[in-house]
Structures are given as structure tokens and as C-alpha cells.
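This report refers to the structure that appears directly beneath it.
The values are calculated or read from the model by the stated rules, or taken from the named source; none is laboratory data. In this text, all values refer to a predicted model and were calculated from it rather than measured experimentally. Neighbour counts run over all protein chains shown; Cβ positions are idealised from the backbone, glycine included. All accessible areas refer to the heavy atoms of the entire protein, side chains included, with ligands and DNA or RNA removed. Shrake-Rupley method; radii C 1.70, N 1.55, O 1.52, S 1.80 Å.
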Amino acid sequence: MWNGCRPMTDAATVPAGNIEALCRFGRQSRRELREFIQALPAEDGDAPQEFKLTNSSLTATPRKIVIHVLLHEVRHWGRSQRCSG
């Protein structure tokens, strides 16, 4: 379901040194993740799927990917205290 819904966002589209653009990017990403989680049928959360990355692929469940994204996000919180939302 998730794989193929939309392409991964290219973080390089956020202008370097523009904290407001970075904060908007973060808020948009978190909003889209919440929307994805709410729309994901419970039975699909544990179904392994293949995710195409730039030069490789990865097989994982959507639930595992969401957990990874959340833990990765926590890693950035200390670096981005200026961003709220």
C-alpha cells in the first residue's frame, strides 16, 4: 500500500541555511506521516513490503518503517530546538 503511493521527498529541495524552510519541511513531513498512519489499515501494518530506494530496495513492514522514522526524528530534536509544531 505505502510503497508506490508517492515518491520519497527529496530533502535537497530545502534551501540550505533557511531555518524557516526546514521547519516547514519538518511540519509537513510529520503531518503526512500522521495522515499515513491514520489511513493504514491495521492488517497492512504487519505485511512485509518491498520499498524501492535510490539504488537499492528494502523489505520491511510499514509498522517497522514508521517506528524507524519516529526514532530517527527523535535524533534530530536536539538539533532543531527552534522548530515547533
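The number of residues in the range 16-43 that are at pLDDT 90 or above, among the polar types (S, T, N, Q) and under 21 Å from His76 (Cβ atoms) comes to 0.
Which of the residues belonging to the range 44-85 are surrounded by fewer than 11 Cβ atoms within 10 Å (Cβ to Cβ) and modelled with pLDDT of 90 or more? Residues satisfying the conditions are Asp46, Pro48, Thr59. Sub-9 Å Cβ pairs linking a first residue in the range 43-58 that is of a type in the set (Gly, Ala, Ser) to a second residue that is open to solvent by less than 70 Å² (accessible area, probe 1.4 Å) and assigned to a loop (DSSP other than H, G, I, E, B), at least 6 apart or interchain, are Gly45/Thr61; Ala47/Thr61, ordered by first then second residue. Within the range 11-37, if we keep just the residues that are under 14 Å from the mean Cα position of the chain (by Cα) and of a type in the set (S, T, N, Q), the residue that is surrounded by the most Cβ atoms within 10 Å (Cβ to Cβ) turns out to be Ser29.
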